[in-house]
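Chemist: Shown below is the structure under consideration.
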Amino acid sequence: MPELPEVETIRRDLAPRVVGRRFTAVEVMPGAEKVVALPSPAEFTRALPGLRIEGIERRGKYLLFPLSDGRYLIVHLRMTGALIHRPAGTPAESYLRIRLVLDNKTELRYTDLRKLGMMWLVDDPTLVVGKLGPDALEALQPTTLRSLLEGRRAPVKAVLMDQTRLAGLGNIYADEALFLAGVLPRRPAGSLTRGEVERLHDAVGKVLREAMGHRGSSFRDYVDGEGKEGEHQLHVRVYRRSGEPCYVCGTTIERVKLGGRSSHFCPHCQE
Ligand SMILES: [Zn+2]
């Protein structure tokens, strides 16, 4: 599932290619109507042509395209969504769901195996992204993180992944950051010492920047704005490495279910 580094990679790929371009046509493929959350697919298809893309912003795992009429096109890729820029006329990707035709003989193509992703065209973006916590890359200070965790009995990993408290981290980077910080995922959030919170803050920034340096993690479906896979899956320290030796101490990496999600950790390096 694309998390902050993947969505930011897509944002950086697409910005020089599509900002300043106008939509000329929109095609929602049959069966993909539910991807358009708001307005109706018919209104969505009617409203976009003629509008110019003024920029691309990111909030957590959401991409926001401010448009020339003041509205916003917002995209959330969820599990298997991708947003790929292609010359018009190139063969359609498998699972092409929405085609956004641009005025320079190119297209922004939304592909999605499972059709769980969503798009909105709204006047006010806070309708969609207003409940998000501070961005894990742009807005996370040690003091912010401390106040997020303080007094909470929920596992620290659950708090890190709660998008209303901190926006951008999912299962991969929460596991990776907790490993770097030396903190077990199941620890009650409020039990972290001041030093551990500072280490965790540094670790979150480090894993996100590393992953962006590798253009994201492609464990399954993720591709960047050109349709290419990322490489960070080759560099993870614990995620999906259960049964393999820890790179630091050699202890076997373990996996537990925590809140329905798999958590990967080193029982020696993390406490
Ligand atoms: Zn270890």
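The values are calculated or read from the model by the stated rules, or taken from the named source; none is laboratory data. Not measured: the values here are computed from a predicted model. Positions of Cβ are backbone-derived with ideal geometry, glycine not excepted, and every protein chain shown enters the neighbour counts.
Chemist: Yes or no: L132 in contact with a helix residue (DSSP H, G or I) (Cβ under 7 Å, 6 or more places away or on another chain), in contact (Cβ under 8 Å) with a residue 40 or more places away in the chain and on the phi < 0 side of the Ramachandran plot?
Modeler: Judged against the criteria, L132 is not a match.
Chemist: Sticking with this one: What pairs come up if the first residue lies in region 231-254 and is more than 18 Å from Y173 (Cβ to Cβ) and in contact (Cβ under 8 Å) with a residue 40 or more places away in the chain, the second is within 11 Å of the ligand (Cβ to nearest atom) and of a type in the set (G, A, S), and their beta carbons are under 8 Å apart, counting only those six or more places apart or on different chains?
Modeler: Qualifying pairs under 8 Å: none.
Chemist: Could you tell me which of the residues V236, V248 is under 19 Å from the mean Cα position of the chain (by Cα), within 16 Å of the ligand (Cβ to nearest atom) and part of a loop (DSSP other than H, G, I, E, B)?
Modeler: Selected residue: V236, the only one of V236, V248 that is under 19 Å from the mean Cα position of the chain (by Cα), within 16 Å of the ligand (Cβ to nearest atom) and part of a loop (DSSP other than H, G, I, E, B).
Chemist: In addition: Name the single residue that is surrounded by the most Cβ atoms within 10 Å (Cβ to Cβ) among those in region 15-52 being more than 15 Å from G81 (Cα to Cα) and within 21 Å of the chain's Cα centre (by Cα).
Modeler: Result: V18.
Chemist: Could you tell me how many of the residues in region 184-229 are of a type in the set (K, R), more than 21 Å from G60 (Cα to Cα) and not in a helix (DSSP H, G or I)?
Modeler: The total comes to 3.
Chemist: May I ask you to list pairs of residues, at least six apart or on different chains, whose Cβ atoms are under 7 Å apart, with the first in region 75-93 being farther than 15 Å from D221 by Cβ and the second being modelled with pLDDT under 95 and surrounded by 15 or more Cβ atoms within 10 Å (Cβ to Cβ)?
Modeler: Partner pairs satisfying both residue conditions: none exist.
Chemist: If A177 satisfies every condition in (1) of a type outside the set (S, T, N, Q); (2) within 16 Å of the ligand (Cβ to nearest atom); (3) outside any helix (DSSP H, G or I); (4) in contact with a helix residue (DSSP H, G or I) (Cβ under 9 Å, 6 or more places away or on another chain) but one, which is the exception?
Modeler: (3)
Chemist: A follow-up question, please. Got a sec? Which of G243, G182 is on the phi > 0 side of the Ramachandran plot, modelled with pLDDT of 95 or more and within 13 Å of the ligand (Cβ to nearest atom)?
Modeler: Among G243, G182, only G182 is on the phi > 0 side of the Ramachandran plot, modelled with pLDDT of 95 or more and within 13 Å of the ligand (Cβ to nearest atom).
Chemist: Which of the residues spanning region 16-75 are hydroxyl-bearing (S, T, Y) and in contact with a Leu (Cβ under 7 Å, 6 or more places away or on another chain)?
Modeler: T24, S68, Y72
Chemist: Say whether the condition of being at pLDDT below 95 and surrounded by 14 or more Cβ atoms within 10 Å (Cβ to Cβ) is met by at least one residue in region 53-62.
Modeler: The answer is no, given that none of the residues of region 53-62 is at pLDDT below 95 and surrounded by 14 or more Cβ atoms within 10 Å (Cβ to Cβ).
Chemist: Go through region 102-127 and count every residue that is within 19 Å of A15 (Cβ to Cβ), β-branched (V, I, T) and either without any contact (Cβ under 8 Å) to a residue 24 or more places away in the chain or touching a Leu at 6+ places or on another chain (Cβ under 9 Å) (or both).
Modeler: 0
Chemist: Also, I was wondering about something else. Could you list, in sequence order, the residues of region 104-140 that are at pLDDT below 95, surrounded by 15 or more Cβ atoms within 10 Å (Cβ to Cβ) and of a type in the set (G, A, S)?
Modeler: none
Chemist: Looking at V75, V101, which one is of a type outside the set (F, W, Y), under 16 Å from the mean Cα position of the chain (by Cα) and crowded, with 18+ Cβ neighbours inside 10 Å?
Modeler: V75
Chemist: If S262 passes every condition in (1) within 16 Å of the ligand (Cβ to nearest atom); (2) surrounded by fewer than 16 Cβ atoms within 10 Å (Cβ to Cβ) but one, which one does it miss?
Modeler: It fails just one condition, (1).
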